[in-house]
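The values are calculated or read from the model by the stated rules, or taken from the named source; none is laboratory data. In this text, all values refer to a predicted model and were calculated from it rather than measured experimentally. Backbone-built Cβ (ideal geometry, glycine too); neighbour counts: all protein chains shown. With ligands, DNA and RNA removed, areas are computed over all heavy atoms of the protein, side chains included. Shrake-Rupley method; radii C 1.70, N 1.55, O 1.52, S 1.80 Å.
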Amino acid sequence: MAGLVTAARARELGARPVMLEKGTRAGGSMLLSSCVIWRYRSWDEFRAECPGGDERLQLLVWKGLDEAIEWLESLGAPVVAGETGNPRTVGKRFDPRGLTDVLVRAAGDVRLETPLGEVDGPLVLATGGFQGSRELVAQYIAPAAPLRLRANPWSIGDGLHTGLARGAGLSAGMDEFYGRNMPDADFSEAEFVPLAQLYGRWARVFDDRGDEFFPGEVSWSENDLVQTTARRPGARAWYVLDEEALERRVRGRTVAEMVALAPTAVAPDELPFPPPPGAKVVVRVAAAITHTIGGLRVDERARVLGEDGHPIEDLYAAGADVGGISTGGYASGLAAALVLGLTAAESLVRGT
């Protein structure tokens, strides 16, 4: 998303940007998402939820998102829902295909299947993070086993490599990621959203050894549980559900309805350890990564910062190539992509 937004806004400001898209289609992982673009309703809650994040960038996103969403709508981006359905947040849900098509038209010169190479002049890095690279994930995130990929296959750290080659500094949270616990089985891109097992807060969670491993209360986003699962043997867990848990509702569905879609749901007696009392069904899940949280350091103008803290000439970044916004918690990656994409375009064109 960030690359399309940057190109569209730069073109609107009178520039002639070229967007290099490594993949066979535009839209990145946005096209595979539920496409809810949101911020926390309260600034204090944002800080409380993501305490390790860069406060300057968080404020940029939090203050700028409402106007940025209005900009998307002005381009004709189709809104599916005017609210997020979460009392903690405000934002809108867009049709991902419709939004992608609108941004591609506005961006103009989008060149598919064109890897990032040597570029003369100003460059905005918006390659989507490094979750698609098992080597970089192992180096920085260090899960107990390879993580399943819940994202496009092309975001393998090209922006990170380019930034580091030019002396960029890294953000906090390089060992963190956003993802979901998914059924421990193969799944397609079309199943990224419907197969997300987003009810761990009501389950008892065990690893393959039978250890109940998550201490305390699971957060509303469950991203803390996913990251903890990633560091258990095999990056897997068992969700053990009783009758009360199965009756809970998530986003208009009961947990029982969500479990029914999971190909790894089995009877409690199939656990590799004695089932706890009251168990009605169990689901074997595996941690899946959607995007990285750590990345390149940037300032409020989306300029990439060197290890010395000074901006690197003609180098900008947006989207998941930027790190340190949601460190320690969870915030909308699409919101950051949108606001930082607009910021990068305006900084580049206006020379600020």
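The table that follows gives values for the structure above.
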| item | result |
| --- | --- |
| Residue list for the range 228-245, filter: closer than 16 Å to VAL285 by Cβ, assigned to a helix (DSSP H, G or I) and either touching a strand residue (DSSP E or B) at 6+ places or on another chain (Cβ under 7 Å) or free of Cβ contacts under 8 Å to residues at least 60 places away in the same chain (or both) | THR228, THR229, ALA235, ALA245 |
| Yes/no for ALA68 being aliphatic (A, V, I, L, M) and in contact with a strand residue (DSSP E or B) (Cβ under 9 Å, 6 or more places away or on another chain) | yes |
| Residues being of a type outside the set (A, V, I, L, M), open to solvent by 40 Å² or more (accessible area, probe 1.4 Å) and either touching a residue at least 12 places away in the same chain (Cβ under 8 Å) or touching a strand residue (DSSP E or B) at 6+ places or on another chain (Cβ under 9 Å) (or both) - total across the range 188-200 | 3 |
| Residue match in the range 332-348 (condition: modelled with pLDDT under 95 and of a type outside the set (Val, Ile, Thr)) | yes |
| Matching residues in the range 115-166 - criterion: being charged (D, E, K, R), touching a residue at least 12 places away in the same chain (Cβ under 8 Å) and more than 25 Å from LEU348 (Cβ to Cβ) | ARG134, ARG148, ARG150 |
| Residue identified as surrounded by fewer than 17 Cβ atoms within 10 Å (Cβ to Cβ) and of a type in the set (Gly, Ala, Ser) among GLY167, GLY173, GLY159, GLY179 | GLY167 |
| Listing of strands (runs of 3 or more DSSP E) fully contained in the range 249-352 that carry 3 or more residues being open to solvent by 10 Å² or more (accessible area, probe 1.4 Å) | 281-292, 311-317 |
| Residues located in the range 201-217, provided they are surrounded by fewer than 20 Cβ atoms within 10 Å (Cβ to Cβ) and either hydroxyl-bearing (Ser, Thr, Tyr) or within 19 Å of ALA256 (Cβ to Cβ) (or both) | ARG201, TRP202, ARG204 |
| Pick from the range 1-29, criterion small (Gly, Ala, Ser) and buried (at least 24 other Cβ atoms within 10 Å of the Cβ), ranking: farthest from the chain's Cα centre (by Cα) | ALA10 |
| The range 62-75: number of residues that are surrounded by 13 or more Cβ atoms within 10 Å (Cβ to Cβ) and over 28 Å from ALA48 (Cα atoms) | 4 |
| Only listed residue being without any contact (Cβ under 8 Å) to a residue 40 or more places away in the chain and β-branched (Val, Ile, Thr), chosen from VAL102, VAL80 | VAL102 |
| Cβ-Cβ under 8 Å pairs, at least 6 apart or on other chains, the range 254-271 side acidic (Asp, Glu), far side part of a loop (DSSP other than H, G, I, E, B) | ASP269/PRO275 |
| Residue that is surrounded by the most Cβ atoms within 10 Å (Cβ to Cβ) [pool: residues in the range 108-153 that are assigned to a strand (DSSP E or B) and among the aliphatic types (A, V, I, L, M)] | LEU125 |
| Number of the condition not met by THR89 [criteria: (1) open to solvent by less than 20 Å² (accessible area, probe 1.4 Å); (2) under 26 Å from ARG303 (Cβ atoms)] | (2) |
